[in-house]
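Peer 1: Please find one structure pasted underneath; my questions will follow.
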Amino acid sequence: MTEILQLLYDIPILGIVFQFAAYLIDTIPLIAPIILTIAAPIGFAAMCGVVCERSGVVNIGIEGIMLTGAFVGWLTGVVVAPIVGGAPGTIFGATPGLVIGVVAAVLAGMLISLLHAWLSISVKADQIISGTIINILAAGLTTYLYTVILPSSPTSAGAFTPFKAPTALTDLPLVGWIIATLLNQGPLTMSLIVLTIFLQVVLFRSRWGLRTRAVGEHPKAAETVGVNVIRLRYRNVTLAGGLAALGGAVLTMEITSSFTVLGTAGRGFIGLAAMIVGRWTPLGAFGAALLFASSQAIGNTLSFKPPVGQLGNLTTSLPPEFYNALPYIVTIVVLTGLIGRSVPPAADGQPYEREAAA
């Protein structure tokens, strides 16, 4: 078997492909928990995009909502932790300060998203411009407040710790690494998995889901059968902002324990790309988030643990900046391949005007 593999590896050019495939087979089970962790902020952003655009509202401001959630959650934890105290819990290392911080992040995200809903639905402003304004406002405001607050504040209120699955489960042959990937996570990342399944079910198997899809496809027809289009869009866009804010909270309260200026680093936009690749479905968007996260995790692994042979020579010759840009490159390539094939809801981005009563 080894000799056959070596023959395949020695094939010019094509041998590199075989080496890369073998490298992935060996590496992915080891880095799968890291991939899911990296995918969590992108996944929450994608879920926000799915709920908004299925309701007929484009939300380019997801990046700004994530950044706001990340900052408010971190700041609330820093302020509240000394007041309420409390030792880290035995599960996820949760403290009252962290829990309150997550709640504050969600509320802040919903408030910002409510602003976008008002501009998009009531004012009927251009939804792209509205979202862009939110991104610019969030970036400038969080940067300013962080530089003002940091010198007089502690840098952290702690972070949630991952759950440790029993070794009896993680050591199982074939499926042990999958169990470890799903269970060796923090509470926010775990909640994304539950949320994705829940949204997939209710979006296609509930009255709310039917009404949401109707409002996104043909709002006038939905209105004729008694659906309040304006109210449903307001509610969905506002609640979706809480999902995006959870993605920001993952960055400052689970992956790390501190806030970084502009720390979302385009994850909100990658979440929108995941939504498109996933064809506006929760499970599809989550799968796309895993794809983009895999490119980052594999890129990092290639940089510090390169393979041997021709593939190793190739990967070590690439500059480190290439691996930093890899998730964005993959996003562009995948989206380019989907141009014209992924169709959004028919009324997506179109302001709704109620017909005047006769």
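Peer 1: For Cα pairs less than 8 Å apart in space and 6+ apart in sequence, what is the mean separation divided by the residue count of the chain, i.e. the relative contact order in percent? Mind dumping the intermediate values first?
Peer 2: Working: 597 pairs, mean separation 112.9, N = 358.
Once normalised by length, the contact order is 32 percent.
Peer 1: Hey, another quick one. Apply the membrane-span-like helix rule to the chain: whole DSSP H runs, Cα extent along the own long axis of at least 27 Å, mean Kyte-Doolittle hydropathy at least 0.5. List the helices found. Before the final figure, lay out the partial values.
Peer 2: Values: long enough: 14-54 (45 Å, 1.66); 62-84 (31 Å, 1.80); 96-117 (31 Å, 2.14); 127-149 (32 Å, 1.40); 229-250 (32 Å, 0.86); 282-304 (33 Å, 1.05); 320-338 (28 Å, 1.21).
Flagged H segments are 14-54, 62-84, 96-117, 127-149, 229-250, 282-304, 320-338.
Peer 1: Toward the positive end of the charge dipole of region 243-358, about the Cα centre and with charges on Cβ (Lys, Arg +1; Asp, Glu -1), which of Pro306, Gly263, Ser294 goes farthest?
Peer 2: Pro306
Peer 1: Taking the Cβ-Cβ separation of Leu172 and Arg279 as r and a Förster radius of 41 Å, what is the calculated FRET efficiency to the nearest 0.05? Please report the intermediate quantities before stating the final value.
Peer 2: Values: r = 33 Å, r/R0 = 0.81.
Between Leu172 and Arg279 the formula returns 0.75.
Peer 1: Can you tell me the dipole magnitude for the chain around its Cα centre, using point charges on the Cβ only (Lys, Arg +1; Asp, Glu -1), in Debye to the nearest 20?
Peer 2: Working: 16 positive and 14 negative charges, 199 e Å.
The dipole magnitude comes to about 960 debye.
Peer 1: Would you work out the relative contact order for region 288-330, in percent, from Cα pairs under 8 angstrom that are 6 or more residues apart?
Peer 2: Rounded, it is 53 percent for region 288-330.
Peer 1: Report, to two decimal places, the Cα Rg of region 36-155 normalised by 2.2 N^0.38 Å (N = number of residues). Could the numbers behind the result be given before it?
Peer 2: Values: Rg = 16.1 Å, N = 120, 2.2 N^0.38 = 13.6 Å.
Normalised by 2.2 N^0.38 Å, the Cα Rg of region 36-155 equals 1.19.
Peer 1: For region 284-358, which GluC sites (Glu not before Pro) are both in a DSSP coil and crowded by at most 12 other Cβ atoms within 10 Å? Each step should come with its number before you reach the end.
Peer 2: On the way: sites: Glu321, Glu353, Glu355; in loops: Glu353, Glu355.
Within region 284-358, the qualifying GluC sites (Glu not before Pro) (loop, at most 12 other Cβ atoms within 10 Å) are Glu353, Glu355.
Peer 1: Which order do Thr260, Thr196 take by accessible area at a 1.4 Å probe, largest first?
Peer 2: Working: Thr260 85, Thr196 5 Å².
Accessible-area ranking of Thr260, Thr196, largest first: Thr260, Thr196.
Peer 1: Go through 138-149, 210-221, 68-79 and give me the packing order, highest mean Cβ count within 10 Å leading. Display every interim value, and only then the final one.
Peer 2: Numbers: 138-149: 15.2, 210-221: 19.3, 68-79: 27.0.
Ranked from most to least packed, the peptides come out as 68-79, 210-221, 138-149.
Peer 1: With Cα extents along the principal axes in Å in mind, check (i) 61, 43, 37; (ii) 65, 61, 34; (iii) 81, 53, 40 and report the label derived from this structure.
Peer 2: Working out Cα extents along the principal axes in Å from the coordinates points to (iii).
Peer 1: Moving to a separate point now. Using a cut-off of 24 Å between alpha-carbon atoms, which lysines can reach Lys124, once sequence neighbours fewer than 8 places away in the same chain are excluded?
Peer 2: Candidates past the 8-residue exclusion: Lys220.
Peer 1: Moving on to the next point. In what sequence, highest mean first, do 249-259, 55-65, 112-122 appear when ranked by Cβ atoms within 10 angstrom? Before the final figure, lay out the partial values.
Peer 2: On the way: 249-259: 24.4, 55-65: 29.5, 112-122: 21.6.
Those peptides, ordered most packed to least, come out 55-65, 249-259, 112-122.
Peer 1: Quick one: compute the contact order of region 168-284, relative version, from alpha carbon pairs under 8 angstrom and 6+ residues apart, as a percent.
Peer 2: Values: 58 pairs, mean separation 24.2, N = 117.
Reported relative contact order: 21 percent.
Peer 1: Still on this model: Translational diffusion coefficient of region 78-121 at 10 °C, 1.306 mPa s, Stokes-Einstein with Kirkwood Rh over Cα pairs, in µm²/s as a whole number. Please list the in-between numbers first.
Peer 2: Values: Rh = 12.0 Å.
Estimated diffusion coefficient is 132 µm²/s.
Peer 1: Got a sec? Charge dipole of the chain, +1 on Cβ for Lys and Arg, -1 for Asp and Glu; which of Gln19, Leu246, Ala346 is way out at the positive end?
Peer 2: Ala346
Peer 1: Can you give me the C-alpha center-to-center distance between region 191-220 and region 99-155, rounded to a whole angstrom?
Peer 2: Their Cα centres are 25 Å away from one another.
Peer 1: Rg and Dmax of region 246-346 over Cα atoms: what are they, in angstrom?
Peer 2: Both quantities, over Cα of region 246-346: 15.8, 50 Å.
The values are calculated or read from the model by the stated rules, or taken from the named source; none is laboratory data. Since this is a predicted model, take the numbers as computed values, not measurements. All Cβ positions, even for glycine, are placed from backbone atoms using ideal geometry, and neighbour counts span all protein chains on display. Calculation scope for accessible area: heavy atoms of the full protein, side chains included, ligands and nucleic acids excluded. Shrake-Rupley method; radii C 1.70, N 1.55, O 1.52, S 1.80 Å.
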